[in-house]
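> Mind having a look at this structure? Questions to follow.
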Amino acid sequence: MIQRVENPELLQKFRAEKAAVSSQMTNTLRPVTRYLFHGTDADACQNICQNGFDQSKARAGCMYGRGIYFAPSSELSDSYTKPRPRVAPTSSPWRASGSNHAGRPSNAPHPLLFQCQDDNNFQHMILAEVITGNYKAGFRDLLYTDLCHSVVNNVQKPSIFVVFKSESAYPLYLLTYKSTHKSRPSSSTSVVYQPLFPAPVVQNPSQPQPPS
């Protein structure tokens with residue numbers, strides 16, 4: 001199942017950061033943003049869609065820095081998903097599509113087009129637009145760097161991107177699925193993904209869209 005996230009406050013912060021980084025990248029061919037995957041669990045994905053990515057949750061011992069990790073490969077991000085039995089959260093009256101949500105209380109959740117399902121070992125992955133900008137090689141437990149906009153595992157051919165600001169990534173879509181493999185994929189493993197309850201995604205021209 002593919003569900004679009006709508007969070008105007010997060011999107012506004014992301015666009016401001018994107019504009020700032022764009023103004024710093026006038027002499028480079030590298031793209032300002034990339035569409036990358038982030039594997040997670042039901043609890044984390046709900047928090048990310050509502051409050052954004054949280055760099056403070058990064059643990060010590062991270063290989064390329066204590067930041068927020070993304071990958072161009074969904075297979076790699078799949079290895080970081082954490083399926084577990086769980087009762088699906090009760091839907092909020094403010095989480096419905098097709099409404100302008102006029103009169104929404106100030107303390108009500110953001111109107112999000114998603115509902116994390118995790119009652120049958122579903123897996124969760126987020127497709128995000130990430131400000132990668134100019135990047136350098138990361139290293140273990142790097143906390144932050146103002147010398148670049150992100151760090152990677154391999155400068156020549158990056159397969160992991162790490163950012164250190166919450167506003168450097170915006171969650172676009174929540175993917176809920178089950179993969180057919182029974183163990184963590186390796187570089188030689190071919191993984192087939194089995195979407196659950198496929199549904200059309202409503203497009204919004206005012207929101208960044210992944211490439212077709």
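> Across the stretch 22-62, what is the total count of residues that are assigned to a loop (DSSP other than H, G, I, E, B) and touching a strand residue (DSSP E or B) at 6+ places or on another chain (Cβ under 9 Å)?
8
> Examine the stretch 36-46 for a residue that is surrounded by fewer than 17 Cβ atoms within 10 Å (Cβ to Cβ) and either more than 16 Å from P171 (Cβ to Cβ) or at pLDDT 90 or above (or both), and state whether such a residue exists.
Among the residues of the stretch 36-46, not one is surrounded by fewer than 17 Cβ atoms within 10 Å (Cβ to Cβ) and either more than 16 Å from P171 (Cβ to Cβ) or at pLDDT 90 or above (or both), which makes the answer no.
> Out of curiosity, is R4 charged (D, E, K, R), more than 21 Å from Q123 (Cβ to Cβ) and either crowded, with 19+ Cβ neighbours inside 10 Å or in contact with a Leu (Cβ under 9 Å, 6 or more places away or on another chain) (or both)?
In short, no.
> In this structure, does G65 turn out to be assigned to a loop (DSSP other than H, G, I, E, B) and crowded, with 18+ Cβ neighbours inside 10 Å?
yes
> Right, something else. Considering only the stretch 78-93, I want to know if a residue exists there that is at pLDDT below 50, of a type in the set (D, E, K, R) and surrounded by fewer than 21 Cβ atoms within 10 Å (Cβ to Cβ).
yes
> Can you report the number of residues in the stretch 2-21 which are outside any helix (DSSP H, G or I) and basic (K, R)?
1
> For the stretch 147-168, check the following and say yes or no: at least one residue is modelled with pLDDT under 90, surrounded by fewer than 16 Cβ atoms within 10 Å (Cβ to Cβ) and in a loop (DSSP other than H, G, I, E, B).
yes
> Something else about it: Any idea which of A60, A42, A19 is free of Cβ contacts under 8 Å to residues at least 12 places away in the same chain and out of contact with any helix residue (DSSP H, G or I) (no Cβ under 8 Å at 6 or more places or on another chain)?
Result: A19 is the single residue among A60, A42, A19 that is free of Cβ contacts under 8 Å to residues at least 12 places away in the same chain and out of contact with any helix residue (DSSP H, G or I) (no Cβ under 8 Å at 6 or more places or on another chain).
> Also, quick follow-up: Report yes if C49 is modelled with pLDDT under 90, under 15 Å from the mean Cα position of the chain (by Cα) and at negative phi, otherwise no.
Considered against the rule, which asks whether it is modelled with pLDDT under 90, under 15 Å from the mean Cα position of the chain (by Cα) and at negative phi, C49 comes out as no.
The values are calculated or read from the model by the stated rules, or taken from the named source; none is laboratory data. Note that the structure is a prediction, hence the values are computed from the model and not measured. Positions of Cβ are generated from backbone atoms using ideal geometry, with glycine treated the same way; all protein chains shown enter the neighbour counts.
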